[in-house]
Amino acid sequence: MVSKVLVANRGEIACRILRACNEAGLSSVAIYAANDATSMFLELADQAVLLEGETIGETYLDQQQILAIAKATGADAIHPGFGFLSERADFARAVGEAGLQWVGPSPEAIEQMGDKMTARITMRAAGVPVIPGEEIEQEEESEALAAIESASHRVGYPLLLKASSGGGGKGMRAVHSPEDLIESAKGARREAIAAFGDGRVYIERLLTGSKHVEIQVLADRHGRTVHLGERECSVQRRHQKVFEEAPCATMTAELREAMGQAAVAAAEAVSYEGAGTVEFLLAPTGEFFFLEMNTRIQVEHPVTELVTGVDLVREQLRIAAGEPMSCGPLMIRGHAIEVRLYAEDAENNFLPAIGPLAVFRPPEGPGVRLDTGVREGDSVTPNYDPMLAKLIVWAPSRTEALQRMRRALDEFVVLGTTTNIRFLRELCDEPEVVTGHTDTTTIDRLWPDGWSPSVPRSIEDAALMSAAVGESAGLHRTRSAVTGTSSGPVSPFATLHRRFP
């Protein structure tokens, strides 16, 4: 039984979980660091408790403090969201030992899937196809390097070195020739130690031209495990997803069923419970291979919700309370696309940006959803991840969804900090994206020397500023000069996009 949920997170995902709690009739507790004292998510909780400390380690990663707050407020469950402590088996175990319900899988499942080498071995035993490669168990550097060099002859080039405890591209190196192997291995180990405290790496064959396709699974305590179809997340920069959609544009019903059953087998192999995501590489040949399993809710979960009608966070809460999941047979309706809006300078190698959100005016209208934890007047600081929002659209077809996304990005106005809105807007017009024939190298191939906008920044900023201060007459004149018409208001970015195609 769950009646009061502490949300051990912040920002956008905290807002998402707290709203789900409110809809489910559950009481909720938010925790916050001092620099989040005016954040939106606090207003959605029944209680909000300040975390003592200044750094992330002293606040959102302080397990004992979070558990103490849960006890003091009478919470009987903890939802970790994504990031922070969401995939920490030791925290999940501590939550259970404290007599609280963990909204997620068992600590054992987190451990098995969190260690990538263990996950490969487990999946292979379960009959789930894995990328050809070898696990390197040696931890001492000289022994590990010797084992890596030996394995490289069997795996072949090009290959990937990947951190066993890794994620987000950390501890990952592509190696195209034997001459680069040892230095790449040393670099991958150093980065893995710094990020995860675990220097072990393993080898996989580098599969080029492949799609990144993931399957959403749900499993409850009543013996039922289901998949909810796929999301394609191939369009990435520095191994971070920026454009996600459901369903995959090139998916067939037969392939969906095969990948779905493989994902169910993966979940059942570790006695999984709750919502999870099994990630695959889909090769041009139609073969697919297990990458990893994320034992938490995913950033891109909204696209699955929009095409299936299943509230994944509500299902997490229902399963944690011991109830059977409520979703029926898989039905996919229409098409959904999500883009991640970041405070970053896409022209400067996507470096994070800071500054005030002097103007933050999201798009509205049919089929548009915005998941965010910020609002106008907030400030972007270097303390946390620079993602400002997830913009999600739904439409009856992929073509209509892509056009709806273009329209929504045209209307999105943010001033005060640099964002990747222009990059996302131009991405929507790239032929590979339009046709759906993207792969994990799309961004690197399209812009090998880095992205630069087709619209000069100074011109666009001037137009956006005009919109922000409500100079409607000026916008009408701009439209008239470009299109020859003066009827109706117009988005400044839409005008500029037509002017500088």
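The values are calculated or read from the model by the stated rules, or taken from the named source; none is laboratory data. Treat the numbers as computed from the prediction; the structure is a model and nothing was measured. Because the Cβ atoms are built from the backbone with ideal geometry, glycine has one as well, and the counts that use them run over all protein chains shown.
Given region 119-237, what strands (runs of 3 or more DSSP E) lie entirely inside it while holding 1 or more residues that are touching a Phe, Trp or Tyr at 6+ places or on another chain (Cβ under 7 Å) and small (Gly, Ala, Ser)?
159-163, 211-219
Within region 224-232, identify whether any single residue is under 29 Å from residue 350 (Cβ atoms) and either among the β-branched types (Val, Ile, Thr) or out of contact with any helix residue (DSSP H, G or I) (no Cβ under 8 Å at 6 or more places or on another chain) (or both), and answer yes or no.
Looking through region 224-232, at least one residue is under 29 Å from residue 350 (Cβ atoms) and either among the β-branched types (Val, Ile, Thr) or out of contact with any helix residue (DSSP H, G or I) (no Cβ under 8 Å at 6 or more places or on another chain) (or both).
In region 250-280, which residues are in a strand (DSSP E or B) and either of a type in the set (S, T, N, Q) or surrounded by fewer than 21 Cβ atoms within 10 Å (Cβ to Cβ) (or both)?
Within region 250-280, 277, 279 qualify.
Could you check region 319-359 and list, in sequence order, the residues that are more than 26 Å from residue 405 (Cα to Cα) and either in contact (Cβ under 8 Å) with a residue 24 or more places away in the chain or outside the structural domain of residue 422 (by TED's automatic domain parsing) (or both)?
Selection gives 319, 320, 321, 322, 323, 324, 325, 327.
Can you name every residue in region 255-286 that is without any contact (Cβ under 8 Å) to a residue 40 or more places away in the chain and within 24 Å of residue 107 (Cα to Cα)?
Answer for region 255-286, where residues must be without any contact (Cβ under 8 Å) to a residue 40 or more places away in the chain and within 24 Å of residue 107 (Cα to Cα): just 261.
Give the residue that is surrounded by the most Cβ atoms within 10 Å (Cβ to Cβ), with candidates limited to residues of region 97-119 that are of a type in the set (D, E, K, R) and modelled with pLDDT under 95.
Going through the qualifying residues, I end up with 116.
Determine which member of the set 278, 242, 235 is closer than 26 Å to residue 317 by Cα and at pLDDT 95 or above.
278
Let me spell it out: the conditions are (1) more than 19 Å from residue 58 (Cα to Cα); (2) out of contact with any helix residue (DSSP H, G or I) (no Cβ under 6 Å at 6 or more places or on another chain); (3) among the hydrophobic types (A, V, I, L, M, F, W, C), and residue 119 meets all of them except one. Which number is the exception?
Result: residue 119 passes all but (2).
Among the residues of region 281-300, write down those that are of a type in the set (Asp, Glu) and either part of a strand (DSSP E or B) or surrounded by fewer than 21 Cβ atoms within 10 Å (Cβ to Cβ) (or both).
287, 292
Among the residues of region 34-72, count how many are surrounded by 16 or more Cβ atoms within 10 Å (Cβ to Cβ) and touching a residue at least 40 places away in the same chain (Cβ under 8 Å).
Here the count works out to 7.
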